[in-house]
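*Asks:* The structure under discussion is supplied below as structure tokens; questions concerning it will follow.
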């Protein structure tokens, strides 16, 4: 793994596959929404929001 960025709170690594890993200052890996927020803050990923479901109009017969 290659070290991308190190801050006081965490260290960001890039794996050979191109994916990212984040390790906290307590030497534990950070996962889930916290990891996503860190990577978005560092502008390493773009957070995509789901599209709204198309509204279906019900026709009265």
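*Asks:* On the given criteria, is residue 35 in a helix (DSSP H, G or I) and in contact with a strand residue (DSSP E or B) (Cβ under 9 Å, 6 or more places away or on another chain)?
*Replies:* Numbers: in a helix (DSSP H, G or I): yes; in contact with a strand residue (DSSP E or B) (Cβ under 9 Å, 6 or more places away or on another chain): yes.
Yes; evaluated as a whole, the condition is true for this residue.
*Asks:* Any idea which of 8, 21 is modelled with pLDDT of 90 or more and touching a helix residue (DSSP H, G or I) at 6+ places or on another chain (Cβ under 9 Å)? Give the steps one after another, and end with the answer.
*Replies:* Working: 8 fails: touching a helix residue (DSSP H, G or I) at 6+ places or on another chain (Cβ under 9 Å).
Going through 8, 21 in turn, just one is modelled with pLDDT of 90 or more and touching a helix residue (DSSP H, G or I) at 6+ places or on another chain (Cβ under 9 Å): 21.
*Asks:* Tell me which residues, restricted to the stretch 1-18, are surrounded by 10 or more Cβ atoms within 10 Å (Cβ to Cβ) and under 18 Å from residue 46 (Cβ atoms). Spell out the reasoning first.
*Replies:* Start the filter on the stretch 1-18 by keeping residues that are surrounded by 10 or more Cβ atoms within 10 Å (Cβ to Cβ), which leaves 1, 3-7, 9-15.
Across the stretch 1-18, the qualifying residues are 4, 5, 12, 14.
The values are calculated or read from the model by the stated rules, or taken from the named source; none is laboratory data. Small disclaimer: the values here were computed from a predicted structure and weren't measured. No Cβ is skipped: glycine too gets one built from the backbone with ideal geometry, and neighbour counts run over all protein chains shown.
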